[in-house]
Structures are given as structure tokens and as C-alpha cells.
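One structure below.
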Amino acid sequence: MSEIENKKPQERLQERFAYVTEILQRLQALDDEQGFRRDEASEQGQLLAGLRERLTALHSADIAYILEGLPLEERLTLWQLVQAESDGDILLEVSDAVRETLLADMDEEEILAAARELDADELAELAAELPQDVVLELMESLDALQRERVRSALSYEEDQVGAIMDFEMVTVREDVALEVVLRYLRRLKELPDQMDKLFVIDHAGILKGVLPIKRLLVNDPEKKVAEVMATDPVVFHPDEEGIDAAEAFERYNLVSAPVVEKNGKLIGRLTIDEMVDLIREETEGEVLSRAGLREEEDIFASVWKSIANRWAWLAVNLVTAFVASRVIGMFEGSIEKLVALAALMPIVAGIGGNSGNQTITMIVRAMALEQVSTGNTNRLLKKELGVAFINGIIWGGVIGVVAWLLYDYFALGMVMIGAMTLNLLLAALMGVLIPMTMVRLGRDPALGSSVMITAMTDSGGFFIFLGLATLFLL
């Protein structure tokens, strides 16, 4: 086995990224040198030719990964070296923020040329980010079938099944023999990606069942399709939520599935690659929302763009931090009398914040999987409070003993146990209530959850600990 075959895909990708970065840096160094000589021009040409050749051999997804990891100037330099016929595929692979920078560097003719290489569902995915006149010209250049497919996909919200379904599929009739189906497949120039089954329809296009490829291959060629097809496939409707379809793909181990209208007419299919992309986008969106980021951000975006994306929840955090500081200010006299309080109170707040984030993460995940309902909310809340109480006693006991031994003050250790337990109970309560309240307000339950739970456990932790210390120690 060769050395490259022994390497993991991610290792090979990192090597390619390092190679591209090195070549771009050498090109930049040649541009920066004074007294540009002919031999330098020759070296620059060789570097560009080698880089272009390397890019030609890379998968579109790998090129997209490299582009996302480059600063804007180097990204555009590399983008100019990409073969024009690959532009469309790469635009689909890169993040929204990076796609915006690439499209801004292309003229209308380049955009049209890239878009014409795409299928109808891919065009629909890209259309929202293209200039309006480019979209109109592109639509006019399509044949009637493609135009209708693009319009159909654009008629749905971007997170609905109809917007992400694929129109490339193979259909057969139930009254033909398997041998006929095999001959039909051999005559096709190529098969659609992720094709693990054929769709069986009648003369009106109504879905009658699916014919898995494995059944087609292992059964007697003389048998009819109707004898071996599956008549109860998992089907989706175009107005369903895409994330619900993705969960069904995971639940039933699907590779592809039919999309039908209310009357049962087959109009498209979903494939596993689209579902994986959708799950990744949902996951990334949830992570960004928890941190209070409003949208996906290009890692090399301008300073002002990044500020615009981040300022809102920083402002909220500033307010909550000020509230926490005022809570501490209420107990300045107590802290002056017992300096140990200043050293110990961050522990109570920090453990509470960590526990609250654990709870809120579990609740948001359960909500995403639709495992939380009005019937089990109280039981869920009791369970989380129980966990928080036991953790508070255990870990509060540990830090209480440490505080007792460190400051030779038994009562201080007891206060630590009480404060830790109460703050963990507060964290559990808020960890359940915050996402549920967000849902009732029609908002994403993950939106700013990390910021809010930290604010609650900081202010609450300071108040509980310092309040108990004032009551029992001073």
C-alpha cells in the first residue's frame, strides 16, 4: 500500500492546503521583490502552472475548503486559477459568506457560465444570491422542463423539502420484467448520484412503490417489477421541513427517498448528501446562535462586518455583567470583612454556569428531536433539579472541605456547600425555562442561550453566596 493510501482523508486535505498556501506565499514574495527580473517571471509562471494543474486534480469540495481558509486576496488569486467548468460546483460547496466574496469578483458572463453547468435544484439553491438580471437571463436560457423545475424549487422556503429535492431520478413501470429494467439502465449514459433504488410509477406519474437496486440484482430477471418492489416506502411532501426529513433519513438509514405531491404524484427525490449538508448547517447554526452570533461569518471578513455580526449579544452581555457587578457591590462591606469571599465566589458562579450550559444543551437537543412536550415538562424539570441537587451536595462538599481547610473556618465551608447547591438548582431551573420560553416567544431556543444562562448563574451565584455569607458569617 502506498504512503498516500495510508494517510487519512483529512491529513491529505491538510497537505493540499499547506501546498497551496506555500505556493501563494512564494508568489506574493516574488511580487513584493524589487527589481523584478526575467528569471523571476519564469519562476512565477511555473508556480502558477503547477498550482493550476494541482487544482484541476482536486475535488470541488476540497477546493472550497481551501478557499474558505485563505485571506481574501489569496482566495481571489486562487479563484482565478480554478477551471471555469468547476466554478458552479465550488460555489455550491463554499459557505454563504465566502460565496459572497467569490461572486463579487465575477462578472455576469462568468456567473452565467458557472450557473449553466448546474442542475435545476442546484440553480435554485444558488439563485437567491445571484444578481436579478443574471437570474432572468439564466431562466430564459433553460429549456421548458428545467425552467419549470427551477421555479418549482424556488416556490418553497429554503428549509423545506421542495427547495432541496433533486429532480434527477430513474422511474420504471410495475408491469415490466426486471430484465427489461436492466437493459434500460445499461442504455443510460450515467446514473444519478446516490441512486440506491428506482421509483415505480403508473401512467399518471403516481408513485406505486420503489425497486431497491439490490432486489433488482438478486431476483430472477423474468419476474415483474410489481413482484419484488417495496410498496410502503418512506415518502416526503415538498412542504415538509427539511430537518424533519433529515431526521427520518437517520432513523431509517435512507440513501434516497421519493418526494410526492398530496395526490401521490412523484415530483422529485431526496438524497443523503443533501441531508448531511442540511444537518451540518443546522448544527453550525445552533452553535452560532448559542454564542449570540447572528449569521455565519467569513473567518477573514472585514473588521466592520465582524463587528456588525457580533455586537448585539455583546451589548446584552455587557448589561448582564453590569448587573452582576452591582450584585457584588451590594455586599462590599461583607467582602471587606472577610476577604476569602472574593476568592471563593467565582467558583460558585463558574460551576453554576457550566452546569447550566450542560442542562440547556440537553434541553435544546431534546427540543430539536421533538422529545419535549407539555406532558413530560414537569418530569423533565424534576429530573434536572434532582441532578443539580445531588451534584451541588457532592461538589459543594468537596469545595466546602477545601475552603474549611484553606481558611480554617468551618462555617465558611458550610456556606460554600449551601451556595453551590442553590446555584446549581438555579442553573437547572433556568436551563429548562430559558429554551422553553424562547420557543413560546417563537424564537430559536438556542439563540443566545449560553449568554443568558451564564448571566443568570453569575448574578444568582454571587447573590446566593454573598447573601448566605452575610447572614451566617458576619
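The values are calculated or read from the model by the stated rules, or taken from the named source; none is laboratory data. Since this is a predicted model, take the numbers as computed values, not measurements. Cβ coordinates were reconstructed from backbone atoms using ideal geometry, including for glycine residues, and neighbour counts include every protein chain displayed. With ligands, DNA and RNA removed, areas are computed over all heavy atoms of the protein, side chains included. Shrake-Rupley method; radii C 1.70, N 1.55, O 1.52, S 1.80 Å.
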> In the stretch 370-390, what residues are surrounded by fewer than 13 Cβ atoms within 10 Å (Cβ to Cβ) and over 30 Å from D244 (Cβ atoms)?
Replying inline: G386, I390
> Which one of these does A427 not meet: (1) free of Cβ contacts under 8 Å to residues at least 12 places away in the same chain; (2) among the small types (G, A, S); (3) open to solvent by less than 70 Å² (accessible area, probe 1.4 Å)?
Replying inline: (1)
> On the given criteria, is I351 modelled with pLDDT under 90, under 31 Å from the mean Cα position of the chain (by Cα) and among the β-branched types (V, I, T)?
Replying inline: no
>> I'm trying to understand the selection: among the residues of the stretch 251-281, which are over 13 Å from F236 (Cβ atoms), free of Cβ contacts under 8 Å to residues at least 60 places away in the same chain and among the acidic types (D, E)?
In response: D277, E281
> Of all the residues that make up the stretch 217-271, how many are open to solvent by 40 Å² or more (accessible area, probe 1.4 Å), modelled with pLDDT of 95 or more and in a strand (DSSP E or B)?
Replying inline: 2
>> Regarding the stretch 378-392, can at least one residue be identified that is under 17 Å from T457 (Cβ atoms) and without any contact (Cβ under 8 Å) to a residue 12 or more places away in the chain?
In response: no
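A quick yes/no check of all residues on (1) within 15 Å of F17 (Cβ to Cβ); (2) without any contact (Cβ under 8 Å) to a residue 24 or more places away in the chain; (3) under 19 Å from the mean Cα position of the chain (by Cα); (4) not assigned by TED's automatic domain parsing to the domain that holds E284:
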{"position": "L55", "(1), (2), (3), (4)": "yes, no, no, yes"}
{"position": "A64", "(1), (2), (3), (4)": "yes, no, yes, yes"}
{"position": "L92", "(1), (2), (3), (4)": "no, no, yes, yes"}
{"position": "D107", "(1), (2), (3), (4)": "no, yes, no, yes"}
{"position": "D121", "(1), (2), (3), (4)": "no, no, no, yes"}
{"position": "V134", "(1), (2), (3), (4)": "no, no, no, yes"}
>> Name the residue that is most open to solvent (accessible area, probe 1.4 Å), counting only residues in the stretch 391-421 that are in a helix (DSSP H, G or I) and of a type in the set (S, T, Y).
In response: Y407
> (1) within 28 Å of M430 (Cβ to Cβ); (2) open to solvent by 40 Å² or more (accessible area, probe 1.4 Å); (3) in contact with a Ser or Thr (Cβ under 8 Å, 6 or more places away or on another chain): which one isn't true of A324, the others all being true?
Replying inline: (2)
>> Among the residues of the stretch 50-76, what is the count of those that are modelled with pLDDT under 90 and polar (S, T, N, Q)?
In response: 1
